[in-house]
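The values are calculated or read from the model by the stated rules, or taken from the named source; none is laboratory data. If you're wondering where the values come from, they're calculated on a predicted model, not measured in any experiment. Reconstructed Cβ throughout: ideal geometry from the backbone, glycine too, with neighbour counts over all protein chains shown. Quick note on the areas: whole protein, heavy atoms, side chains included, nothing else; ligands and nucleic acids left out. Shrake-Rupley method; radii C 1.70, N 1.55, O 1.52, S 1.80 Å.
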Amino acid sequence: MDTVEKIVEDFASDIAISSFSSGTRLRDMIRAIRACKTAAEERAVVRRECAEIRTAISENEQELRHRNMAKLMFIHMLGYPTHFGQMECLKLIAAAGYPEKRIGYLGLMLLLDERQEVLMLVTNSLKQDLNHSNQFIVGLALCALGNICSAEMARDLSPEVERLMRSREVNTKKKAALCSIRIVRKVPDLAENFMGLASSLLKEKHHGILISAVQLCTELCKASKDALEYLRKNCIEGLVRILRDVSNSSYAPEYDVAGISDPFLHIRVLKLMRILGQGDADCSEYMNDILAQVATKTESNKNAANAILYECVQTIMGIEATSGLRVLAINILGRFLSNRDNNIRYVALNMLMRAITVDTQAVQRHRTTILECVKDADASIRKRALELVYLLVNDTNVKPLTKELVDHLDLADPDFKEDLTAKICSIVEKFSQEKLWYLDQMFKVLSLAGNHVKDDVWHALIVVISNASELQGYSVRSLYMALQSFVDQGSLVRVAVWCIGEYGEMLVNNVGMLQGEKPITVTESDAVDAVQIALNRYSADVTIRAMCLVALLKLSSRFPSISERIQQIVSHNKENIVLELQQRSIEFSSIMQRHQSIRPSLLERMPVLDEASYLLKRASTTQATLAADKPTPAVTPGGLKLPNGVAKLATSPLADLLDLSSDDVPAVTTASTTTAPNNFLEDLLGIGQINASTAGAPSSASTDILIDLLSIGSSSSQNGPPAAGFSPPSQVGAVVPEATDLLGNLSSSTPVSGTKSTPAVPQDIDLLDVLPSNTSVSGLDNHSSITAFQSATLKINFDLKRQPGKPQETAIHATFTNLTSTSYTDFVFQAAVPKFIQLRLDPASSNIVPASGNGSVTQGFSVTNNQHGQKPLAMRIRMSYKVNGEDRLEQGQVSNFPPGL
């Protein structure tokens with residue numbers, strides 16, 4: 001039976017489709033289209049009907065033209081092409097009857113836009129209809145002109161619109177005012193023609209004309225400064241009168257919205273007042289009384305009233321209002337915060353963030369309500385309230401506000417904890433006046449949300465602890481007790497393990513007890529147990545386990561009685577699948593077994609980290625990160641050039657490219673050494689801390705760290721002869737890793753202490769495998785190409801071009817090809833060069849590298865070798881990108897540049 005019914009339905013639909021003709025009514029066509037069950041059936045119906053309409057157009061059937069145009073408009077709304085019916089619109093517009101013109105103008109506005117050349121043909125018809133005696137036809141022409149008017153049409157028809165603005169007909173005057181808005185937008189030079197007319201329309205009584213006139217005045221203010229000054233002189237009084245009349249008017253059904261008289265006119269007038277009063281004290285003073293009246297008389301129990309109040313607050317904050325009026329506006333926003341509607345609370349928080357720069361004290365009165373919004377169930381309100389609380393914090397209220405935020409930290413949603421933790425840490429760091437209070441708050445944050453604390457925050461905490469000698473005992477005891485309860489918080493475990501390793505004897509002996517602090521009983525075995533639990537915990541990452549091994553190594557020197565037990569714990573990791581942990585375990589076991597004589601001096605406490613220098617470096621790193629967001633990064637010779645603007649660097653660019661973290665090794669500074677604030681590697685690795693009496697060694701202030709790392713010679717003189725090789729210093733003030741390890745991965749958790757002589761580096765070793773510095777430049781072509789880098793996933797070609805007459809300059813065109821079957825997104829190319837080479841990177845052609853070599857990304861850059869003929873070109877490169885949302889990183893060195901560059 002189902003099959004028979006389906007056959008009957010299909011037959012009926014075929015009959016319905018076959019009966020279509022140009023005379024089919026619009027409703028019949030709509031009914032047939034809605035009856036289609038598949039997209040294919042719909043396309044068949046539309047295709048059949050379009051064919052019938054084309055036939056009717058070719059046969060010039062005038063009596064059915066308006067019906068066909070109605071059908072075409074419906075087909076256009078469905079998304080099908082209807083360009084073949086554009087000329088029919090013009091024919092309908094040129095007809096004499098109102099019904100034809102109505103369909104024609106409607107089709108004109110739907111099927112055409114100002115970019116269509118056909119539109120030029122309708123200008124004459126529009127001009128005739130604007131001068132028509134029938135006001136309804138004039139209204140049709142004004143509506144069409146206000147929707148699709150081009151600049152040429154605006155210039156041609158502007159006089160007719162100006163004349164119609166003086167018409168006696170209310171609807172004509174209103175539509176002419178709205179049409180003039182489009183004209184002013186398209187041709188701002190015509191604004192002066194409408195200034196007087198707009199001012200005169202504000203004296204009308206009809207609300208439709210008033211709201212159109214106010215909108216026209218607003219557009220005139222944006223288009224011309226002369227218009228702005230004119231309206232300030234001639235319209236303020238009229239606007240105040242309109243607002244007073246509307247506010248005090250009795251009930252009018254045609255304008256009433258939820259008991260509020262014409263809220264749309266209210267809001268339009270308030271917006272125009274804000275534009276006119278901004279930066280003008282006289283206009284603002286004239287508005288103060290009426291704004292105060294609107295703010296006090298408008299009830300806030302209706303949504304329309306709340307919209308008026310919000311716009312009134314924005315106007316008060318935008319003009320030169322009195323302080324009392326601003327307090328009134330902020331109090332209105334405070335009432336909004338108690339509203340049940342989430343949207344009203346959100347806009348109130350947004351407005352308060354802008355108002356805090358105008359009157360901080362008035363916003364502070366609503367601090368309790370704002371804090372309650374931090375605990376709101378709506379995520380967007382929580383985040384906005386947290387940002388506002390952060391702006392409210394000052395030296396006087398930092399402690400109570402921080403306490404409220406920390407107390408809420410334990411109850412906050414996991415998604416919100418990261419933002420809340422970041423704000424609390426920033427507040428504590430920025431406003432802490434006592435180190436003890438700073439440490440207490442940071443310990444609470446680490447205990448409650450340690451997994452959400454960023455690395456630079458706990459790094460800074462360690463720096464503060466190392467500098468506060470009188471609080472080191474208190475810190476290690478507090479962290480030990482917190483570790484017993486919150487061992488699952490990663491950052492807490494890192495800081496606690498570091499402190500136990502450094503100050504374990506203070507923990508056991510209760511050294512540095514503060515007044516009112518209760519002593520705790522901790523044995524040497526208990527301290528080792530705490531580190532062992534953190535080491536063996538399943539959720540511990542490589543960094544935590546590496547720090548645990550270092551702490552155990554240090555405790556073996558501080559607690560000789562349990563040294564054997566510590567050695568057994570360390571030895572368990574000799575077969576660890578993680579190479580870093582395996583290597584540390586083997587090396588630390590060797591130190592404990594075979595080097596007993598040097599172990600005490602080797603495992604002394606870390607030297608005190610210079611807090612001021614660290615904070616300066618941290619601030620400069622943040623500035624560098626912000627600068628990476630700019631579209632055109634600054635170019636400085638000798639440093640890493642910023643990437644093509646697709647992504648930003650999170651750490652020091654030079655240290656990051658060379659795989660050295662700025663927090664890996666603590667900086668050791670001496671009184672005789674001056675180090676640049678941004679030179680991370682020189683400070684952190686101790687390179688450049690050379691005795692001034694060493695023969696032939698340049699001072700640390702003039703030594704370029706990258707040149708020393710790359711073994712490309714001395715940078716003491718750019719114009720002098722090339723150095724024969726790298727001369728190692730005879731004595732250093734801090735540990736310097738061996739030369740072959742400088743470019744390798746240095747673990748972010750390996751603390752280094754003690755002293756060690758640096759092994760000599762043979763002069764014939766070149767870490768970048770670059771060509772000798774005395775290579776002849778002869779035989780180099782002006783154009784050449786090399787494969788700079790190739791792996792299993794990525795290939796990079798460099799097309800080199802020498803600049804005529806400038807042998808030291810080379811233009812390089814890099815081509816990046818994806819060798820895998822998955823596209824790379826967020827692709828960023830970075831490069832590092834020695835100081836005597838200048839590098840300028842141009843933006844890349846794209847940040848998406850197509851898969852399987854189907855297209856490539858190109859990027860141009862130029863290099864200038866200031867010691868051309870003396871030293872060869874050297875470069876390290878790094879490429880970062882994402883594959884299916886996962887971050888990938890590749891890096892290498894370009895060692896096959898042609899001779900003579």
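Data for the structure
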| quantity | calculated |
| --- | --- |
| Helices (runs of 4 or more DSSP H) within the stretch 95-168 that include 2 or more residues open to solvent by less than 30 Å² (accessible area, probe 1.4 Å), within 28 Å of N60 (Cα to Cα) and aliphatic (A, V, I, L, M) | 98-111, 123-130, 135-148 |
| Conditions (1) open to solvent by 40 Å² or more (accessible area, probe 1.4 Å); (2) under 30 Å from A468 (Cα atoms); (3) in contact (Cβ under 8 Å) with a residue 60 or more places away in the chain; (4) assigned to a helix (DSSP H, G or I); number of the one not met by S561 | (3) |
| Any chance K871 is open to solvent by 60 Å² or more (accessible area, probe 1.4 Å) and in the same structural domain as N818 (by TED's automatic domain parsing) | no |
| Selection from the stretch 825-868 of residues that are among the β-branched types (V, I, T) and either more than 17 Å from K795 (Cα to Cα) or open to solvent by 30 Å² or more (accessible area, probe 1.4 Å) (or both) | T825, V833, I837, I848, T858, V863, T864 |
| Selection count where residues are part of a loop (DSSP other than H, G, I, E, B) and either more than 20 Å from R25 (Cβ to Cβ) or not assigned by TED's automatic domain parsing to the domain that holds I57 (or both), scope the stretch 82-94 | 0 |
| Test: residue in the stretch 416-426 that is open to solvent by less than 50 Å² (accessible area, probe 1.4 Å), within 24 Å of the chain's Cα centre (by Cα) and more than 30 Å from L471 (Cβ to Cβ) | yes |
| Tally of residues being over 14 Å from N884 (Cα atoms), under 29 Å from the mean Cα position of the chain (by Cα) and not in a loop (DSSP other than H, G, I, E, B) across the stretch 819-853 | 8 |
| Filter pass, E470 being part of a helix (DSSP H, G or I), open to solvent by less than 60 Å² (accessible area, probe 1.4 Å) and either within 22 Å of I520 (Cα to Cα) or acidic (D, E) (or both) | no |
| Criterion: at pLDDT below 90, in contact with a helix residue (DSSP H, G or I) (Cβ under 7 Å, 6 or more places away or on another chain) and closer than 17 Å to V528 by Cβ - qualifying residue of V476, V487, V497 | V487 |
| Residues located in the stretch 224-256, provided they are among the hydrophobic types (A, V, I, L, M, F, W, C) and outside any loop (DSSP other than H, G, I, E, B) | A227, L228, L231, I236, L239, V240, I242, L243, V246 |
| Residue list for the stretch 564-583, restricted to those being within 16 Å of D529 (Cβ to Cβ) and of a type in the set (A, V, I, L, M, F, W, C) | I566, I569, V570 |
| Condition met for A412 (outside any helix (DSSP H, G or I), hydrophobic (A, V, I, L, M, F, W, C) and within 26 Å of M481 (Cβ to Cβ)) | yes |
| Cross-chain or 6+ apart pairs with Cβ under 7 Å, the stretch 205-219 first and closer than 17 Å to G277 by Cβ, then not in a helix (DSSP H, G or I) | C217/C235 |
| Considering residues of the stretch 340-391 that are assigned to a loop (DSSP other than H, G, I, E, B) and under 29 Å from T322 (Cα atoms) only, the residue most open to solvent (accessible area, probe 1.4 Å) | R365 |
| Filter result (closer than 13 Å to R155 by Cα and surrounded by fewer than 17 Cβ atoms within 10 Å (Cβ to Cβ)) within the stretch 169-185 | R185 |
| Yes/no for S133 being polar (S, T, N, Q) and in contact with a helix residue (DSSP H, G or I) (Cβ under 7 Å, 6 or more places away or on another chain) | no |
| Close pairs from the stretch 815-828: first at positive phi, partner crowded, with 21+ Cβ neighbours inside 10 Å and part of a strand (DSSP E or B), Cβ under 8 Å, at least 6 apart | D826/Y881 |
| Total residues in the stretch 58-81, condition surrounded by 13 or more Cβ atoms within 10 Å (Cβ to Cβ) and over 14 Å from L26 (Cβ atoms) | 2 |
| Conditions (1) open to solvent by 20 Å² or more (accessible area, probe 1.4 Å); (2) more than 33 Å from the chain's Cα centre (by Cα): number failed by H266 | (1) |
| Total residues in the stretch 448-480, condition of a type in the set (A, V, I, L, M, F, W, C) and farther than 21 Å from T421 by Cα | 3 |
| Complete set of residues in the stretch 798-816 that are open to solvent by 50 Å² or more (accessible area, probe 1.4 Å), in contact with a Lys or Arg (Cβ under 9 Å, 6 or more places away or on another chain) and over 17 Å from N866 (Cα atoms) | H813 |
| Scope the stretch 297-329; condition over 19 Å from N343 (Cα atoms), assigned to a helix (DSSP H, G or I) and not hydroxyl-bearing (S, T, Y); matching residues | K297, I316, M317, G318, G324, L325, R326, V327, L328 |
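Yes/no matrix, rows are residues, columns are (1) over 24 Å from L461 (Cα atoms); (2) among the acidic types (D, E); (3) open to solvent by 30 Å² or more (accessible area, probe 1.4 Å):
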site	(1), (2), (3)
M506	no, no, no
L514	no, no, yes
K518	no, no, yes
N536	yes, no, yes
L553	no, no, no
V570	yes, no, no
